[in-house]
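Data block below; observations after.
The values are calculated or read from the model by the stated rules, or taken from the named source; none is laboratory data. Just so we're clear, the structure is a prediction, and the values are computed from it rather than from any experiment. Cβ atoms come from the backbone with ideal geometry, glycine included; neighbour counts cover every protein chain shown.
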Amino acid sequence: MSVACTVVGVLDDGPEALPPAARAAIAEADLLIGGRGALALYAPLATAAERRDLTGAVAEVPAWVAAAAAAGRRAVVLASGDPLCHGIGERLVAALGAERCRVLPAPSLVQLACARLGWPVAETAVASVHGGAATEWSAQAAGPDHPLSGVLRALEGSERVAAYTAAATGAGWLARQLQAVGYTDAELQVAVAARLGRSDELIQPPMPLSAAAEGTYPQPHVALLRRTTPSAGPPFAPADGAFEQRCPQRGLITKREVRAVALAGLALTPESRVWDIGAGSGAVALEAARLCPRGHVWAVERRAEDLAVAEVNRRRRRAGNVTLQHGCAPEGLDGWPDPDAVFIGGSGGALGELIDLCLQRLRPGGRLVVNVVTLENLQRATARLEAAAGAAWEAVQLQAHRSHELAGMRAFRAENPVWIITATQGEAA
């Protein structure tokens with residue numbers, strides 16, 4: 001199969017810095033595609049080529065290339081740095097196939113930025129907020145498609161993150177969104193590498209997050225985030241006291257022992273999409289979010305005061321992959337994507353309806369976990385599951401006893417028994 005296009009990685013240091021193969025590819029082009037700046041800088045190498053500006057039309061480039069190839073014309077696409085590092089090369093390969101795309105990379109902007117700061121590239125995660133809308137992040141509105149999501153995922157697993165930016169989503173915007181998630185100066189520093197390779201190159205050494213949030217920086221630039229505290233979060237199933245709870249009525253939380261079994265029943269993967277219905281303090285939602293760092297959790301709570309407590313707990317854990325919604329399910333669930341796992345910790349009197357809905361919406365292989373503490377709800381839940389076509393389920397009664405001091409000695413006090421019901425659609429629970 002013939003090559004449809006050559007994707008040439010370019011920097012801002014001009015044609016003279018290009019290797020011979022890249023110069024030859026541009027010179028032989030019949031159609032030269034690139035951003036305005038790249039075309040102005042490199043088009044003189046291809047005087048006979050048609051020029052086409054991709055600014056605001058990136059999605060159309062694969063079709064342009066395919067049409068040129070069908071007409072026997074040689075298409076060359078100019079890309080910044082490494083075209084396959086959050087660049088247009090990824091889109092072209094996905095649309096046309098790797099065998100039809102010849103890629104001639106330059107050093108990526110992230111490589112250059114790390115070189116300026118002396119950061120090891122192998123220890124730096126790469127993310128991008130380029131191309132995303134500059135919407136403000138909030139736990140009530142931001143979903144997995146928010147441009148900040150990739151940065152948050154990278155921060156979960158790396159002490160250093162380099163992020164490609166755009167005019168509307170620059171380092172200052174990025175710093176403000178990280179503050180909204182809950183990050184502070186004690187945890188994050190931000191450096192900026194702007195206009196790399198140009199005469200007016202600017203390198204801003206690492207600064208506090210709040211200082212970066214107040215600044216503006218020339219484009220193009222890379223924002224570099226560095227943790228000043230370890231990224232390891234709380235352990236699995238931390239003690240109940242690790243979570244804020246509503247006062248004076250404390251205890252509106254899925255207890256530690258129950259939480260651990262319920263989370264195991266959900267069988268989460270790193271990419272899981274999770275619903276938490278009746279979020280309470282948010283303990284289950286937040287632990288699920290840590291177990292699916294590349295997924296997302298949508299949680300709903302009908303009591304505004306409990307939702308406020310859940311937001312406090314979310315900020316403490318810097319959980320950016322949790323959407324908190326105020327409402328009484330099933331209202332609002334139609335706007336959520338189909339889940340891989342659902343936890344029902346509170347039903348607001350609609351338990352049967354919720355079980356039916358969740359079984360209908362679960363993705364293939366998905367799991368539903370329902371916690372109940374009353375005999376009436378146990379009967380409602382099991383009867384509904386028995387009536388559901390194709391549903392397989394099992395129930396476990398969990399009775400925990402916790403030690404406490406009694407007259408200078410130790411005794412055990414029983415916690416309320418809980419029934420944990422695990423269900424699937426079409427396979428063994």
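Taken together, Arg23, Arg52 contain a single residue that is touching a helix residue (DSSP H, G or I) at 6+ places or on another chain (Cβ under 8 Å), under 24 Å from His86 (Cβ atoms), outside the structural domain of Pro220 (by TED's automatic domain parsing) and outside any loop (DSSP other than H, G, I, E, B), which is Arg52. Within segment 119-157, the residues that satisfy the criterion of being closer than 18 Å to Pro220 by Cβ, within 14 Å of the chain's Cα centre (by Cα) and of a type in the set (A, V, I, L, M) are Val126, Ala127, Val129, Val151. Take Thr47 and tell me if it is hydroxyl-bearing (Ser, Thr, Tyr) and within 13 Å of Ile26 (Cα to Cα). Criteria met by Thr47.
Does any residue of segment 370-381 turn out to be under 31 Å from the mean Cα position of the chain (by Cα) and surrounded by 13 or more Cβ atoms within 10 Å (Cβ to Cβ)? Steps first, please.
Here is the first cut: in segment 370-381, the ones under 31 Å from the mean Cα position of the chain (by Cα) are 370-371.
Remaining after also requiring surrounded by 13 or more Cβ atoms within 10 Å (Cβ to Cβ): 370-371.
There is at least one residue in segment 370-381 that is under 31 Å from the mean Cα position of the chain (by Cα) and surrounded by 13 or more Cβ atoms within 10 Å (Cβ to Cβ).
Taking the criterion of being crowded, with 22+ Cβ neighbours inside 10 Å, farther than 17 Å from Val151 by Cβ and small (Gly, Ala, Ser), the residues of segment 292-331 that qualify are Ala299, Ala310, Ala329. Only a single item in (1) touching a Ser or Thr at 6+ places or on another chain (Cβ under 8 Å); (2) free of Cβ contacts under 8 Å to residues at least 60 places away in the same chain; (3) outside any helix (DSSP H, G or I) is not met by Ala38, and it is number (3).
Which of the residues belonging to segment 389-401 are within 19 Å of Gly366 (Cβ to Cβ) and crowded, with 16+ Cβ neighbours inside 10 Å? Selection gives Ala391, Trp393, Ala395. For segment 195-245, taking the residues that are basic (Lys, Arg) and surrounded by 15 or more Cβ atoms within 10 Å (Cβ to Cβ), the one that is farthest from the chain's Cα centre (by Cα) is identified as Arg195.
Can you name every residue in segment 363-394 that is closer than 20 Å to Val261 by Cα and in a loop (DSSP other than H, G, I, E, B)? Listed by number, the residues that qualify are Gly365, Gly366, Val373, Thr374.
Of the candidates Ala46, Ala21, the single residue that is farther than 22 Å from Val222 by Cα and buried (at least 20 other Cβ atoms within 10 Å of the Cβ) is Ala46. Taking residues in segment 47-67 that are farther than 18 Å from Ala4 by Cβ, and partners anywhere that are among the basic types (Lys, Arg) and in a helix (DSSP H, G or I), the pairs with Cβ atoms closer than 9 Å and at least 6 places apart or on different chains are Asp53/Arg36; Thr55/Arg36. Can you tell me which of Pro293, Pro330, Pro339 is outside any strand (DSSP E or B), touching a Ser or Thr at 6+ places or on another chain (Cβ under 9 Å) and not hydroxyl-bearing (Ser, Thr, Tyr)? The unique qualifying residue is Pro339. Entry remark, segment 344-354: residues being at pLDDT below 95 and touching a helix residue (DSSP H, G or I) at 6+ places or on another chain (Cβ under 8 Å) number 4 in total. Scanning segment 1-16 for residues that are touching a residue at least 60 places away in the same chain (Cβ under 8 Å) and either closer than 15 Å to Pro107 by Cα or surrounded by 13 or more Cβ atoms within 10 Å (Cβ to Cβ) (or both) yields Val3, Ala4, Cys5, Thr6, Val7, Val8, Gly9, Val10, Leu11, Asp12, Asp13.
Residue-by-condition table, conditions (1) farther than 30 Å from Glu311 by Cβ; (2) part of a helix (DSSP H, G or I):
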{"position": "Ala167", "(1), (2)": "yes, no"}
{"position": "Trp173", "(1), (2)": "no, yes"}
{"position": "Val190", "(1), (2)": "no, no"}
{"position": "Arg198", "(1), (2)": "yes, no"}
{"position": "Pro206", "(1), (2)": "no, no"}
{"position": "Ser210", "(1), (2)": "no, yes"}
{"position": "Tyr217", "(1), (2)": "yes, no"}
